[in-house]
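A short worksheet on the structure shown next.
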Amino acid sequence: MSSQNLVSPWECEVMDYENVSLETLKEWEKEIRRKNQRDMRSYLKRFPDATLEEKEALRNWVRAGNSPYENDSYVATESGGPMDFISARRFLEDEYQEYLKDPEGYRGHPDPDMSLSGEPSYDPVTGEELPF
């Protein structure tokens, strides 16, 4: 019989995360990539209408080690969490198309007090010039 170190479920090994071996890091990276690949397959079931371009972009994103439930543009949902990859691409495309229809009227006119033209901005309450 071979000698094995049996550990009870109530005992746990304390991991020194600051001094992890290169081999362990590579193993963790492989596991994360496998998980992201599995997630991508189940994720694509939610988007049967995904275009070939969207699927290819998603594959490249996941292949780079990212989750399909995040996006490369840091677009957030209304609750503040990251928007999933395909939804974020579609959202940005819709915003871009809306802008192209009317660049001057896109999202209303800019607030003159918030201009980036180099003109001073003023505090609306006190009327004092703001330092930024």
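Quick notes on this one:
- Some residue of region 97-108 being surrounded by 11 or more Cβ atoms within 10 Å (Cβ to Cβ), of a type in the set (Ser, Thr, Tyr) and modelled with pLDDT of 75 or more: yes
Let's see how each residue does on (1) within 22 Å of residue 33 (Cβ to Cβ); (2) among the hydroxyl-bearing types (Ser, Thr, Tyr):
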residue	(1), (2)
50	yes, no
54	yes, no
63	yes, no
69	yes, yes
79	no, yes
85	yes, no
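- Meets criteria (at pLDDT 95 or above and within 14 Å of the chain's Cα centre (by Cα)) for residue 43: no
- Test: residue in region 43-58 that is under 16 Å from residue 86 (Cβ atoms) and of a type in the set (Phe, Trp, Tyr): yes
The values are calculated or read from the model by the stated rules, or taken from the named source; none is laboratory data. Every value quoted in this text rests on a predicted model; they were computed, and no experiment measured them. Cβ sites come from the backbone with ideal geometry, for glycine too, and all protein chains shown count toward neighbours.
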